[in-house]
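Student: Have a look at this one.
The values are calculated or read from the model by the stated rules, or taken from the named source; none is laboratory data. All of these numbers come straight from a predicted model, not from anything done at the bench. When we count neighbours, we look across all protein chains shown, and the Cβ atoms used for this are built from the backbone with ideal geometry, even at glycine.
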Amino acid sequence: MTAPHAPAIKRFPILDPPMRPLPDGIRLRPWRDSDLPQAATLVEEAFRISAYVPVDRAIRPALVLDVLDSLTRSDHARVVESDGHVAGILMGQLPGRPGMPGARRWRALHMAWRVRAAAAAGCHVRTWREQRLFTSSHEQLRRRARTELGLELTLFLVSARHRGSGIGSILFIDYLHRLRRGGAGRFHLHTDDGCTWEYYERRGMVRIASDLITVKTRTGLRDVETYLYVGDA
Ligand SMILES: CC(C)(COP(=O)(O)OP(=O)(O)OC[C@H]1O[C@@H](n2cnc3c(N)ncnc32)[C@H](O)[C@@H]1OP(=O)(O)O)[C@@H](O)C(=O)NCCC(=O)NCCS
């Protein structure tokens, strides 16, 4: 029985995206290590990480590290392939999973790329400063959250030429189903005003915290609003 004055737990129910017929040549499959180079290219296309990395030779390691950061924090990584090319990726945490089969190998790869990235940056101490600003902003958002955050959706993107054709929703629905099957409700994600955060609001997720940081890009200073979204699958 619920105590008479127990605070109501606020929920943020997800509205499932509409299922649309898939274009020919599209299939959903598990992540493979050989997807890493294409994933790094898609991360640059979607998030323009190169703008924050002042040393040219450090850009590629920064992109690969970004993918591996997400992969090593996830229990779920799925890819939509279009005619043999990676068209979309979603990574996230799932309840009660001991980690993905390649987890140990990915951690080793992560370490190796960190060393490569450090060597590429050399004595340019500012190389990772802007990315660290994003990381500390995310920590700040989590501290400000007044609600349970649950599991994390760590990476979600679709290649620019495939956006709007339903590929993102295939990946999103697949993740929601796996969360529900595992008995998990709450999940969260970090995003910012340079990303397609509108997608999450259309799905019923709610922005529960935001922060403002000023980052140095190759073309000058830029204010970036970072956001924390939560939803109940
Ligand atoms: C967010 C993202 C993954 C969605 O993938 P997608 O394949 O475009 O998603 P869908 O096609 O399934 O759905 C897009 C929604 O936008 C609408 N839309 C229509 N045309 C669109 C277009 N050209 N581009 C994007 N969305 C479009 C669709 O109607 C759909 O809304 P609905 O499901 O309510 O009908 C994709 O936009 C993306 O990669 N953005 C850049 C990376 C990013 O910001 N990631 C998320 C933040 S971390």
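Student: Could you count how many residues in the range 51-83 are of a type in the set (Phe, Trp, Tyr) and in contact with a Gly (Cβ under 9 Å, 6 or more places away or on another chain)?
Tutor: 0
Student: Looking at (1) at pLDDT below 95; (2) closer than 22 Å to Lys10 by Cα; (3) surrounded by fewer than 16 Cβ atoms within 10 Å (Cβ to Cβ), which is the one condition that is false for Ala184?
Tutor: Only one criterion in (1) at pLDDT below 95; (2) closer than 22 Å to Lys10 by Cα; (3) surrounded by fewer than 16 Cβ atoms within 10 Å (Cβ to Cβ) is unmet by Ala184, namely (3).
Student: If you don't mind, another one. Just to confirm my filter: which strands (runs of 3 or more DSSP E) fall fully inside the range 174-233 and include at least 2 residues that are in contact with a His (Cβ under 8 Å, 6 or more places away or on another chain)?
Tutor: It comes to 220-232.
Student: Within the set of pairs 6 or more residues apart or between chains, which connect a residue that is within 14 Å of Met205 (Cα to Cα) inside the range 167-178 to a residue that is more than 7 Å from the ligand (Cβ to nearest atom) and of a type in the set (A, V, I, L, M) with Cβ atoms less than 6 Å apart?
Tutor: If the second residue must be more than 7 Å from the ligand (Cβ to nearest atom) and of a type in the set (A, V, I, L, M), the pairs left are Leu176/Ala233.
Student: Next question. Could you tell me whether the range 151-170 includes any residue that is more than 9 Å from the ligand (Cβ to nearest atom), modelled with pLDDT of 95 or more and hydrophobic (A, V, I, L, M, F, W, C)?
Tutor: Scanning the range 151-170, I find at least one residue that is more than 9 Å from the ligand (Cβ to nearest atom), modelled with pLDDT of 95 or more and hydrophobic (A, V, I, L, M, F, W, C), so the answer is yes.
Student: Just to confirm my filter: which strands (runs of 3 or more DSSP E) fall fully inside the range 2-119 and include at least 3 residues that are within 16 Å of the ligand (Cβ to nearest atom) and surrounded by fewer than 19 Cβ atoms within 10 Å (Cβ to Cβ)?
Tutor: Here the list reads 26-30.
Student: So, of the residues in the range 117-145 that are basic (Lys, Arg) and modelled with pLDDT under 90, which turns out to be farthest from Ile89 (Cα to Cα)?
Tutor: Ranking the candidates gives Arg126 first.
Student: If you don't mind, another one. List every residue pair whose Cβ atoms lie under 7 Å apart, where the two residues are 6 or more positions apart in sequence or sit on different chains, the first residue falls within the range 136-147 and is within 15 Å of Gly231 (Cα to Cα), and the second residue, located anywhere, is modelled with pLDDT of 95 or more and surrounded by 14 or more Cβ atoms within 10 Å (Cβ to Cβ).
Tutor: If the second residue must be modelled with pLDDT of 95 or more and surrounded by 14 or more Cβ atoms within 10 Å (Cβ to Cβ), the pairs left are Arg142/Leu149; Arg142/Leu228; Ala145/Ile208; Ala145/Ala209; Ala145/Leu228; Thr147/Ile208; Thr147/Val230.
Student: Suppose we filter Leu189, Leu228, Leu179 for residues that are buried (at least 20 other Cβ atoms within 10 Å of the Cβ), within 18 Å of the chain's Cα centre (by Cα) and either within 11 Å of the ligand (Cβ to nearest atom) or modelled with pLDDT under 95 (or both); which single one remains?
Tutor: Selected residue: Leu189, the only one of Leu189, Leu228, Leu179 that is buried (at least 20 other Cβ atoms within 10 Å of the Cβ), within 18 Å of the chain's Cα centre (by Cα) and either within 11 Å of the ligand (Cβ to nearest atom) or modelled with pLDDT under 95 (or both).
Student: Counting only residues that are in contact with a strand residue (DSSP E or B) (Cβ under 7 Å, 6 or more places away or on another chain), farther than 21 Å from Ala108 by Cβ and polar (S, T, N, Q), how many does the range 47-88 have?
Tutor: Result for the range 47-88: 1.
Student: Does any residue in the range 216-233 that is without any contact (Cβ under 8 Å) to a residue 12 or more places away in the chain come within less than 6 Å, Cβ to Cβ, of a residue that is small (Gly, Ala, Ser) and assigned to a strand (DSSP E or B) six or more places away or on a different chain, and which pairs are these?
Tutor: Close Cβ pairs satisfying both conditions: none exist.
Student: Residue under question is Ala58, and the condition is that it be within 21 Å of Ala120 (Cα to Cα), of a type in the set (A, V, I, L, M) and in contact (Cβ under 8 Å) with a residue 60 or more places away in the chain; does it hold?
Tutor: Yes: the conditions hold for Ala58.
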